[in-house]
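Read through the structure below, which is laid out as structure tokens, and then see the notes.
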Amino acid sequence: MGCIEMGSLYFQIASLFYLGLIMIIYCTKKKRNTLENKIYLGLLIVTFIALILDMASVYLAIVNPTHFFANPLCKLYLVGILGWVFLFTYYVFVISSKKNYSDEEGNLKKASKIYFKKAFYILLFIYLISSLIILLIPLNVYSDGNLMYTYGPSATFSYTVAGICVVFWLVIMLSNYKEIKDKKYLPAFAFIVLATISVIIQATFPEILLVTSAAAFITVLTYFTIENPDLKLINELNFAREQAEKANNAKSEFLSSMSHEIRTPLNAIVGFSQALVEEEISNEAKEEVNDIIMASENLLEIVNGILDISKIEANKLEIVNTEYEPMKILEELVSLSKARLGEKPIEFRTNFDSLLPKTLFGDYMRIKQIILNLLTNAIKYTKTGYIEFRVNCIQKGNICRLIVSVEDSGIGIQKDKIDKLFTKFERFDIEKNITIEGTGLGLAITKKLVELMNGKIVVQSIYGQGSKFTVALDQQIVITPTISTGETISKEDPIDLSLLADKKVLIVDDNKINLKVASRLLKDYNIKTVESDSGFECINRILQKEEYDLIFLDDMMPRMSGVETLKKLKEISNFHTPTIALTANAISGMKEKYLKEGFDDYLSKPIDRKELNRVIRKFLNTK
Ligand code: ADP
């Protein structure tokens, strides 16, 4: 072993050079203190020493073969290279071991640590015995002043031990293939094949030096594939990111189910209060019930806000684009704002561009939410004066840039607060606004929504004089207006109750109180109702040829969801009853989801009286 023509020493020098570089990089890089990292450092050091011993022994044997130290130096070199072989054996053993148990941060568990320690001492013992044998038995060194190689019992013994180790690598890696879960270790197989080939070549042609260079080469390659600390850090970062994502998902899921849980009792509170207001009760009681409704609506707004923020943070908020008629949305916003203005002495001015396209393509629900937030704030933070709601449109090809501005003569915002305006849970002028309801979520959501739609929002404000919020959003123009999904509560034609007298509605919900709320609300319209507490019962009723004019079908029911129930209903021949999805899981895009599933419409819980009116007018107020 260790035999070379003098010129080939350059190859050794090159190996030494790049190995040195890797050592510097490896030692200066930040890395974790894992067993693998420790072994790798050991491999680097041993390879380095073996290379130096190799070069020194070759040099001495060629320059001065009779020197008393030439023979021991060759033996030392054999001991060095065998050290590398044993260390690599330990490395292969560790990465492919069944007992490689580590905790979530990648640190070895105590039992694994003890197990690997034992294995290390056993291998160290065998190595020391082998080294002793190499040093004691004779080694012959051939040198003709230009070429040198070693042979004899000591060399043969080294080849044999190295060969056994290589076989051990192969066996252990193949038998524990499944345990080498991490695919990054697969290159180790290639190294083993490389090492096997070099040991065979070395044993056959001792005058060609291969082993030390192969060891150096494998050690260096291992850096780029297995032991690269950067790679490890990236893997760790990925792991941390996955964990964070998991936690975030859990949070969103929790918030979504919490919102669902809160909506269910709210449904009862709002539903019964609305029913109560219609009854003949004293004015005082009416006022109190109206307060309950207002407080519930505020609570609902908070729940929706928290849900929106969590969705935005988890990147789960989707923009659902559909065709809509902007003018209808604007009219709706005006009527909503006027209702919210109540008796406040504020002049509400509107100024809408006459060139506004009839039909646009975009997320009208979110656009409505954005504008409503701004209008509501203007109303909240203005005592007297005016509010001006302007919408302009700049057309460029088939894009319409909507410029929406809401200006008020309200309390205004201090200059230094403007930067923080869009931060969640930030509210200003608390002393002044103490009586104004709010969470500080509205503008944070508004800004995120505008950004999601690639738009811009700007604020101008003079403290004490008023504020102006301007939003710019690009919307696609639909040239041929088609039927809009942005149904609006058009000028309310009164519902003809006489037409509803013989209508029958089937309400399906697993929650008894929800059934009662829906029945109670429909009673005001003189509609007959039948209650079912499961999808199975609903299907049975239809199978038994019971006839209904409309079905309210809750989606989230145990055993059979509303969506599944509808699928089964649709399989029944002659089933044509319009079916409305009922859900407390009011997330954006839900309406589209349910329409896609085959429902005819969608109502979210708590049931909004206006929405209920709309549905009844659409499906029941016909002759
Ligand atoms: P909220 O209104 O629920 O408190 P927002 O995020 O909508 O939360 O608004 C954050 C803060 O910005 C408000 O608390 C208020 O101090 C200020 N603000 C928003 N709009 C206006 C406005 N039109 N005029 C004056 N101050 C406003």
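Starting from segment 537-564, keep only residues that are assigned to a helix (DSSP H, G or I), then list their pairs with residues that are of a type in the set (Ser, Thr, Tyr) and surrounded by 12 or more Cβ atoms within 10 Å (Cβ to Cβ) whose Cβ atoms are within a distance under 7 Å, requiring at least 6 positions of separation or different chains.
Matching pairs, first to second residue: CYS538/SER532; CYS538/THR565; ILE539/THR565; ARG541/SER532.
Which condition breaks for LEU336 when tested against (1) under 37 Å from the mean Cα position of the chain (by Cα); (2) within 13 Å of the ligand (Cβ to nearest atom)?
(2)
Only one residue in TYR127, TYR115 is assigned to a helix (DSSP H, G or I), under 49 Å from the mean Cα position of the chain (by Cα) and within 29 Å of SER96 (Cα to Cα), so which one is that?
On the way: TYR127 fails: under 49 Å from the mean Cα position of the chain (by Cα).
After ruling out the rest, the residue left standing is TYR115.
Given the conditions (1) within 12 Å of the ligand (Cβ to nearest atom); (2) out of contact with any helix residue (DSSP H, G or I) (no Cβ under 6 Å at 6 or more places or on another chain); (3) within 30 Å of GLU318 (Cα to Cα), which single one is not true for ILE367?
All conditions pass for ILE367, except number (1).
Residues in segment 587-601: is at least one touching an Asp or Glu at 6+ places or on another chain (Cβ under 7 Å) and of a type in the set (A, V, I, L, M)?
no
Give just the number: which of (1) without any contact (Cβ under 8 Å) to a residue 40 or more places away in the chain; (2) within 16 Å of the ligand (Cβ to nearest atom); (3) farther than 16 Å from ALA584 by Cα does GLU313 not satisfy?
Among (1) without any contact (Cβ under 8 Å) to a residue 40 or more places away in the chain; (2) within 16 Å of the ligand (Cβ to nearest atom); (3) farther than 16 Å from ALA584 by Cα, GLU313 violates only (1).
Give ASP502, ASP524, ASP509 a once-over and let me know the one that is crowded, with 17+ Cβ neighbours inside 10 Å and among the charged types (D, E, K, R).
Working: ASP502 fails: crowded, with 17+ Cβ neighbours inside 10 Å; ASP524 fails: crowded, with 17+ Cβ neighbours inside 10 Å.
On inspection, the qualifying residue turns out to be ASP509.
Can you tell me which of (1) surrounded by fewer than 16 Cβ atoms within 10 Å (Cβ to Cβ); (2) part of a helix (DSSP H, G or I); (3) of a type in the set (Gly, Ala, Ser) is the one SER310 doesn't meet?
Of everything listed in (1) surrounded by fewer than 16 Cβ atoms within 10 Å (Cβ to Cβ); (2) part of a helix (DSSP H, G or I); (3) of a type in the set (Gly, Ala, Ser), SER310 misses just condition (1).
Pairs under 9 Å by beta carbon, first residue over 27 Å from LYS344 (Cα atoms) and at pLDDT 65 or above in segment 433-450, partner in a loop (DSSP other than H, G, I, E, B) and more than 7 Å from the ligand (Cβ to nearest atom), six or more apart or different chains?
As it stands, the answer is LYS447/PHE422; LYS448/LEU317; LYS448/PHE422; LEU449/LEU317; LEU449/ILE319; LEU449/ASP363; LEU449/GLY455, since those pairs meet every condition given.
Out of LEU255, LEU276, I need the residue that is in a helix (DSSP H, G or I), touching a helix residue (DSSP H, G or I) at 6+ places or on another chain (Cβ under 8 Å) and free of Cβ contacts under 8 Å to residues at least 24 places away in the same chain. Which one?
LEU276
Determine whether LEU543 is over 30 Å from ILE302 (Cβ atoms) and either exposed (fewer than 15 other Cβ atoms within 10 Å of the Cβ) or of a type in the set (Gly, Ala, Ser) (or both).
It is true that LEU543 is over 30 Å from ILE302 (Cβ atoms) and either exposed (fewer than 15 other Cβ atoms within 10 Å of the Cβ) or of a type in the set (Gly, Ala, Ser) (or both).
For residues in segment 261-293 being in contact with a Lys or Arg (Cβ under 9 Å, 6 or more places away or on another chain) and within 26 Å of GLU313 (Cα to Cα), which is modelled with the highest pLDDT?
LEU266
Across segment 556-572, which residue is farthest from SER519 (Cα to Cα) among those that are at pLDDT below 90 and either under 37 Å from the mean Cα position of the chain (by Cα) or among the polar types (S, T, N, Q) (or both)?
Within segment 556-572, the match that is farthest from SER519 (Cα to Cα) is ARG559.
If you scan segment 376-415, which residues turn out to be more than 24 Å from GLU332 (Cβ to Cβ), touching a strand residue (DSSP E or B) at 6+ places or on another chain (Cβ under 7 Å) and away from the ligand (no atom under 12 Å from the Cβ)?
Scanning segment 376-415 gives THR384, ASN398.
So which pairs qualify, if the first residue must be in segment 403-425 and in contact (Cβ under 8 Å) with a residue 24 or more places away in the chain and outside any helix (DSSP H, G or I), the second must be acidic (Asp, Glu) and near the ligand (Cβ under 9 Å from one of its atoms), the Cβ gap must be under 8 Å, and the two must be at least 6 apart or on different chains?
Close Cβ pairs (under 8 Å, with a partner that is acidic (Asp, Glu) and near the ligand (Cβ under 9 Å from one of its atoms)) amount to ILE411/ASP429; GLN414/ASP429.
The values are calculated or read from the model by the stated rules, or taken from the named source; none is laboratory data. All of these numbers come straight from a predicted model, not from anything done at the bench. Quick reminder, even Gly has a Cβ in these numbers, built from the backbone with ideal geometry, and neighbours come from all protein chains shown.
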